[in-house]
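For reference, the structure is listed below as structure tokens.
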Amino acid sequence: MKPEELKPFVDFMKAHGLLTLSVEKPDFKLYLVKEGAETLVSTPTASARLARHSPAYAKATAGKLGEGGMLAAGLALEPVVNKNAVSVTSPLVGTLYLAPAPSAAPFVEVGQEVKAGDTLCVVEAMKVMNEIKSEVNGKVLEIKAENGKPVEFGQILFLISKP
């Protein structure tokens, strides 16, 4: 990719106040991070991807893909608005669970103090439960994903205050 081809992506990031931008097409992947942006991606115990021809992929991307298979503007791209927070993102595609069991209390709640290593949630992929753990000490400022709903790779799940 030539530098002049990156300009529209950089302009899009500036216009929408984004700190990161991820674009995936069949022939390339692009991941841009604004200088000074702090994003943590937890390492899963297993990984999963939806095959592009699978019904699950079609359902997950329905109405979200624009021309050329790119994400339509404003969809699945969220700016991190709190500069005093660290975002915890999903390391894989799967189903998010905020509690260890349907009737159990959630792993964490907004306002709760967490330590590095505390379990924040579980992402299920291919019947494997992957614990997502905090990599920092701080307070949970926001839970940005919904229990039992699908999450994408790189989707922001939690905002945690910086130590």
(request) Please list the non-local residues whose amide H lies under 5 Å from the amide H of N130, H modeled 1.01 Å from N, same-chain partners needing a gap of 5 or more. (result) V123, E124, A125
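Are there trypsin sites (Lys or Arg not before Pro) in the stretch 89-163 that DSSP marks as loop and that have at most 15 other Cβ atoms within 10 Å, and which are they?
Details: sites: K115, K127, K133, K139, K144; in loops: K115, K127, K144.
In loop regions of the stretch 89-163 (DSSP not H, G, I, E or B), the sparsely surrounded trypsin sites (Lys or Arg not before Pro) are K115, K127.
Quick one: pull the percentage of alpha-carbon pairs in the stretch 108-163 with a separation above 13 Å.
60 percent
Each reported figure results from applying straightforward, stated rules to the coordinates on display, with no laboratory input. Everything numeric in this text was worked out from a predicted model, so none of it was measured. Reconstructed Cβ throughout: ideal geometry from the backbone, glycine too, with neighbour counts over all protein chains shown.
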